[in-house]
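Here is the structure we will look at.
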Amino acid sequence: MSDTKVRVRFAPSPTGPLHIGGVRTALYNYLFARKHGGDFILRIEDTDSTRFVEGAEEYIIESFKWLGLKFDEGVGVGGPHGPYRQSERREIYREYVKRLLDADKAYIAFDTPEELAKKREEVKNFQYDATTRLQMRNSLSMPKSEVDQLIAQGQQYVVRFKVEPGQDICVHDLIRGDVVINSSILDDKVLYKSADQLPTYHLANIVDDHLMEVTHVIRGEEWLSSAPLHVLLYKAFGWEQSMPQFAHLPLLLKPDGKGKLSKRDGDRLGFPVFPLEWHDPKSGEISNGFREKGYFPEAVVNFLALLGWNPGTEQEIFSLPELIDQFSLERCSKSGAKFDFQKAAWFNHEYILRKEDSEIAPQFDAILKANGINAPLDRVTQVVGMMKNRINFVSELWPLCKFFFVAPTEYDEKTVKKRWKEYSASQMRDLYKVLEGLDDFSLEHQEAVVMKHIEDNGLKTGDVMNAFRLALVGAGVGPHMFDISSFLGKEETLRRLDRAIKTLG
Ligand code: GLU
């Protein structure tokens, strides 16, 4: 491997929005490529026209733009091995199908879907393979003249791979070690369909990995069962020498219980399983995305990196360069990784804490504007600084911080009952006078004067502060009291105090 340049590909099929597991696969490919100074390729596997979904390719490209994971080659980027969209490579695949046919490693089969269904009904666990292929309608069981005639008549056919039975096939997997299966359990997979003149996934995938000089195939565990067939295909083409190394990543599991993470888990437990919001072009259904939910792309990358890989230390927060530096396939696990969405939110919180207040302020400012509030950005930034340690998402700031920008018109009933005593109005009237007399309304000065006033008059700090808070906030929440009053300023503080005294009496 030392003298060959590492080349990896992410090869999604545009059959809908990219699942977060697919994003994880792409991320591991990306980290591996960057770590080894290699290339990261985007190939679109769109040979199954029946499953093609409008907009899915654009969605995939936009997702990686958002995440900041750049491809070196591929759809949307270009490169020396293009085209990178499989539907544009028909001619290439036809040539390789012909090679297999000429070498007697594949054959033409005419069985219609109805005939195959009937066979499956008749024979329990029917498998199209060495034991059954001669009972079927194909170029192995029929004379050549008949085959030629049927093709000339325009009969639809498929090309099947001729799997030699009874051989042990070994898949060397960098995460799982050697996985050995016997070829007798494989069926003669369809490699090509005359109907749409397109290869199936298996053929296109192998031919392209070879032609694109892919050195490592890093993909989800669900493809492990295809790997033995892929090994046989490499051999059939005589490409064993340049066969890529395989690494099958562990499944992403439901947050609760067993089984694969699905979109339904997200709907049920209220978290996204797609990077971006997805508008289904057919049903019109909208699915939530990490971006729209308010996740930072760095937090998503960091969280996903640790779902199936571990650094071998306690470190949890990683920048992208740190991930590139530390990533290795040897530290990927075989067993499934639970998708802990609360942990995902925790990561976002950590990134909020690490970001400058001024970096977060524009996002909060947009929310304020949407709520009809135009505040100077430095004041928005100040509020972010006071409150960001309490949130996982910037969107949580509005309900939490509204009172900084809008005076309360109502007072939380429970808090009033508990905090507004019969003497509160008179205490607040005194406090009003104290504050009114201040020229310096800074946090420190206010605090010193008010505390002295409390002490001199033998008041309870809790009584005064709780009522004061209720008057300014309308509830029993918020940061340090004098943070609030100094932010609001003298005029607004007095106005709110006065209003509370009049309203609550
Ligand atoms: N097109 C396959 C997918 O959608 C690619 C699998 C592979 O990476 O070989 O995931």
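The values are calculated or read from the model by the stated rules, or taken from the named source; none is laboratory data. Quantities reported herein were computed from a predicted structural model and do not represent experimental measurements. Here Cβ is always computed from backbone atoms with ideal geometry, including for glycine, and neighbour counts include all displayed protein chains. Accessible surface areas use protein heavy atoms only, side chains included; no ligands, DNA or RNA. Shrake-Rupley method; radii C 1.70, N 1.55, O 1.52, S 1.80 Å.
Kindly provide the set of residues from the range 367-395 that are among the aliphatic types (A, V, I, L, M) and either touching a strand residue (DSSP E or B) at 6+ places or on another chain (Cβ under 7 Å) or open to solvent by 70 Å² or more (accessible area, probe 1.4 Å) (or both), ordered by number. Lay out the reasoning, then the answer.
Let us first name the residues in the range 367-395 that are among the aliphatic types (A, V, I, L, M), namely 367-368, 370, 373, 375, 377, 380, 383-384, 386-387, 391, 394.
Residues satisfying the conditions are Ala370, Leu377.
State yes or no: is Val163 closer than 25 Å to Lys98 by Cβ, open to solvent by less than 60 Å² (accessible area, probe 1.4 Å) and more than 16 Å from the ligand (Cβ to nearest atom)?
Numbers: closer than 25 Å to Lys98 by Cβ: yes; open to solvent by less than 60 Å² (accessible area, probe 1.4 Å): yes; more than 16 Å from the ligand (Cβ to nearest atom): yes.
Here the answer is yes, as Val163 does meet what is asked.
Given (1) over 27 Å from Leu27 (Cβ atoms); (2) not in a loop (DSSP other than H, G, I, E, B), identify the lone condition not met by Gln156.
Exception for Gln156: condition (2).
Of the residues that make up the range 54-61, is at least one touching a Gly at 6+ places or on another chain (Cβ under 8 Å) and open to solvent by less than 10 Å² (accessible area, probe 1.4 Å)?
Initially, the range 54-61 is screened for residues touching a Gly at 6+ places or on another chain (Cβ under 8 Å), giving 56, 61.
Pick out the ones that are also open to solvent by less than 10 Å² (accessible area, probe 1.4 Å) and you get 56.
So far as the range 54-61 goes, yes, one or more of its residues are touching a Gly at 6+ places or on another chain (Cβ under 8 Å) and open to solvent by less than 10 Å² (accessible area, probe 1.4 Å).
Looking at the range 40-53, can you tell me whether even one residue there is within 10 Å of the ligand (Cβ to nearest atom), β-branched (Val, Ile, Thr) and touching a residue at least 12 places away in the same chain (Cβ under 8 Å)?
The answer is yes; a qualifying residue exists.
Select the helices (runs of 4 or more DSSP H) contained entirely in the range 392-501, then report the ones holding at least 1 residues which are more than 30 Å from Tyr295 (Cβ to Cβ) and touching a Phe, Trp or Tyr at 6+ places or on another chain (Cβ under 8 Å).
Values: elements: 397-405, 413-419, 424-436, 443-456, 461-473.
So the answer is 424-436, 443-456, 461-473.
If a residue must be within 13 Å of the ligand (Cβ to nearest atom) and touching a residue at least 40 places away in the same chain (Cβ under 8 Å), how many such residues does the range 184-212 contain?
The total comes to 11.
With the requirement that a residue be of a type in the set (D, E, K, R), within 16 Å of the chain's Cα centre (by Cα) and more than 21 Å from Leu224 (Cβ to Cβ), what does the range 326-367 give you? First the steps, then the outcome.
In the first step, residues of the range 326-367 are kept if they are of a type in the set (D, E, K, R); the result is 330-331, 334, 338, 340, 343, 350, 354-357, 359, 365.
Filter once more, keeping what is within 16 Å of the chain's Cα centre (by Cα): 338, 340, 343.
Hits for the range 326-367 are Asp340, Lys343.
Take Asp430 and tell me if it is open to solvent by 40 Å² or more (accessible area, probe 1.4 Å) and touching a residue at least 12 places away in the same chain (Cβ under 8 Å).
Numbers: open to solvent by 40 Å² or more (accessible area, probe 1.4 Å): yes; touching a residue at least 12 places away in the same chain (Cβ under 8 Å): yes.
Spelling it out, Asp430 is indeed open to solvent by 40 Å² or more (accessible area, probe 1.4 Å) and touching a residue at least 12 places away in the same chain (Cβ under 8 Å).
So for the range 61-71 (the condition being modelled with pLDDT of 95 or more, aromatic (Phe, Trp, Tyr), within 23 Å of Trp223 (Cα to Cα) and more than 14 Å from the ligand (Cβ to nearest atom)), does at least one residue qualify?
Pass one, the range 61-71, residues modelled with pLDDT of 95 or more: 61-71.
Restricting the remaining residues to those that are aromatic (Phe, Trp, Tyr) gives 64, 66, 71.
Now narrow it down to the ones that are within 23 Å of Trp223 (Cα to Cα): 64, 71.
Next cut, more than 14 Å from the ligand (Cβ to nearest atom) only: 64, 71.
Checking the range 61-71: at least one residue is modelled with pLDDT of 95 or more, aromatic (Phe, Trp, Tyr), within 23 Å of Trp223 (Cα to Cα) and more than 14 Å from the ligand (Cβ to nearest atom).
I'd like to verify a number: residues in the range 213-232 that are more than 9 Å from the ligand (Cβ to nearest atom), in a helix (DSSP H, G or I), more than 19 Å from Arg24 (Cβ to Cβ) and not aliphatic (A, V, I, L, M), how many?
2
Assess whether Glu413 counts as being more than 51 Å from the chain's Cα centre (by Cα), open to solvent by 40 Å² or more (accessible area, probe 1.4 Å) and of a type in the set (D, E, K, R). Talk me through it step by step, then tell me what you get.
Numbers: more than 51 Å from the chain's Cα centre (by Cα): no; open to solvent by 40 Å² or more (accessible area, probe 1.4 Å): yes; of a type in the set (D, E, K, R): yes.
So Glu413 fails the test.
For the range 10-22, enumerate the residues that are open to solvent by less than 10 Å² (accessible area, probe 1.4 Å) and either polar (S, T, N, Q) or away from the ligand (no atom under 12 Å from the Cβ) (or both).
Passing the criteria: only Ile20.
Which residues, taken from the range 27-37, are more than 10 Å from the chain's Cα centre (by Cα), open to solvent by less than 10 Å² (accessible area, probe 1.4 Å) and either aliphatic (A, V, I, L, M) or more than 13 Å from the ligand (Cβ to nearest atom) (or both)? Spell out how you get there, then give the answer.
Of the range 27-37, the ones more than 10 Å from the chain's Cα centre (by Cα) are 28-37.
Add one more test, that the residue is open to solvent by less than 10 Å² (accessible area, probe 1.4 Å), and what stays is 28-29, 31, 33.
Answer for the range 27-37, where residues must be more than 10 Å from the chain's Cα centre (by Cα), open to solvent by less than 10 Å² (accessible area, probe 1.4 Å) and either aliphatic (A, V, I, L, M) or more than 13 Å from the ligand (Cβ to nearest atom) (or both): Leu31, Ala33.
With respect to Val171, is the statement that it is open to solvent by less than 20 Å² (accessible area, probe 1.4 Å), out of contact with any Lys or Arg (no Cβ under 9 Å at 6 or more places or on another chain) and not hydroxyl-bearing (Ser, Thr, Tyr) true?
Details: open to solvent by less than 20 Å² (accessible area, probe 1.4 Å): yes; out of contact with any Lys or Arg (no Cβ under 9 Å at 6 or more places or on another chain): yes; not hydroxyl-bearing (Ser, Thr, Tyr): yes.
It is true that Val171 is open to solvent by less than 20 Å² (accessible area, probe 1.4 Å), out of contact with any Lys or Arg (no Cβ under 9 Å at 6 or more places or on another chain) and not hydroxyl-bearing (Ser, Thr, Tyr).
Looking for something open to solvent by 50 Å² or more (accessible area, probe 1.4 Å) and within 15 Å of the ligand (Cβ to nearest atom) - is there at least one such residue anywhere in the range 238-248?
The answer is yes; a qualifying residue exists.
Kindly list the number of the only condition in (1) of a type outside the set (D, E, K, R); (2) under 40 Å from the mean Cα position of the chain (by Cα); (3) over 20 Å from His480 (Cα atoms) that fails for Val406.
The failed condition is (3).
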